[in-house]
1. What average count of beta carbons from other chains do you get within 10 Å of the Cβ of residues in B:104-114?
2. Quick one: among B:18, B:138, B:245, which has the greatest mean-square fluctuation in a GNM of chain B with alpha-carbon springs under 10 angstrom?
3. Taking the Cβ-Cβ separation of residue B:204 and residue B:58 as r and a Förster radius of 41 Å, what is the calculated FRET efficiency to the nearest 0.05?
4. Starting from the Cα gyration tensor of chain A, multiply each eigenvalue by 5, take the square root, and state the resulting semi-axes largest first in whole Å.
5. Over the alpha carbons of chain B, what is the largest minus smallest coordinate on each principal axis, giving the biggest first in Å?
6. Can you give the FRET efficiency for residue B:300 and residue B:114, using 1/(1 + (r/R0)^6), R0 = 51 Å, r = Cβ-Cβ distance, to the nearest 0.05?
7. Between the helical axis of A:42-52 and the dominant principal axis of chain A, each derived from Cα atoms, what acute angle in degrees is found, rounded to the nearest 10?
8. Would you mind telling me which residue in B:230, B:185, B:42 has the biggest mean-square fluctuation in a Gaussian network model of chain B, where springs connect alpha carbons within a distance under 10 angstrom?
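What follows draws every value from the coordinates through simple rules; no lab data is involved. Predicted, not measured: the structure shown is a model, and the values here were computed from it. In this analysis, Cβ positions are derived from the backbone assuming ideal geometry, glycine residues included, and neighbour counts consider all displayed protein chains.
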């Protein structure tokens, strides 16, 4: 499983990096970024999904 | 306030300054969602109010058909010629693409998580000082003695203005946000002291540059050119107006909730780890800010015949109560795990200060309940709510319980 943020949709709402700081970080404008290569370990999938379901802009995608 | 007829039907004659809306807008919105998801009014020269999340989202994300030239509904509206479009008077909130992105890029670094999080110790110290001053009193006013001072001090410091001027700021905010009904000539007169004060501050910062937002804006460049002073002035004004009333309102509404829901107060006191999710639920349930747009050209949108220069009242608080998006939308669920609320807006105009607002709200609540783990509303009838596009409790008398 891989997680990514669509940079065109992200508006810097700041929810992802608050909920899952081990998966998401932020750039100097406050937009969300995926830390590392976005590969999700089994134990991080749940928090990635939680971040996804809290993003008001629907900017987070989790793919096989 | 001018005397206006009371609203009888919000579907055809909405008015966000009507006493019924000001006191308790939620049943009005619920009713509209059921029978007329986009309400109309002839007031303010004509306007629309989408009451659903889908409607609010559609307008917020559509910068082609709607302009942000002005975001506060009033009787007058600037025409295309009145404002240096697409900059607007208070960039970037008043700017449209493509200029918007440039103006926004300029301010975002100052409000990004890293610099904002660094303010935590000083905000905590500020809250502690305010609580220290209140002391062991049996009665505390959560608004007048506490909440209102927090964002005022934070923004004042950020802009680099003198501490002694904080009372003046609250007056400026009041003028800007609550005088929307006044005639245009009166508005210009009311704004004169604000203009004078800011001009003085800009001059003072030009002579004595220092590490603050005002100096940062004076030094900022677009395409190798310093910003026009009107741009600097506008962004300073925006910071002051958008940064104070809003956060202050979020804090008072949250405290009001805790004073009237002892079980939620007890849970937060006993389970401090709940705070981050609780803060998001406070923001969803009591979102303080409603924005506005103007229709660019005659068109049909959301099934409504919209005319050029019609207002759209952009009710993020109403969107946050839409059951189509939030299960049990009208229930405050302190540990709501999935919460895609839009308290800070949607799309390119997402509140630039959202990281700061969240931080202030969290610390204000944490410190208050640490100092007063049990309190209740002393006199529910005495609570007053701000009118206009920012909703929050103003007078908030608490009884401290032992």
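1. Details: counts 3, 1, 0, 1, 6, 4, 1, 3, 8, 9, 4.
Averaged over the peptide's residues, the number is 4.
2. Among B:18, B:138, B:245, the largest mean-square fluctuation in the Gaussian network model of chain B belongs to B:138.
3. Working: r = 44 Å, r/R0 = 1.08.
Computed FRET efficiency for residue B:204 and residue B:58 comes out at 0.40.
4. Working: eigenvalues 56, 26, 23 Å².
Square roots of five times the eigenvalues give 17, 11, 11 Å.
5. Largest to smallest, the principal-axis extents are 60, 59, 40 Å.
6. Details: r = 45 Å, r/R0 = 0.88.
It comes out at approximately 0.70.
7. Roughly 30 degrees, rounded to the nearest 10.
8. Top of the fluctuation ranking is B:185.
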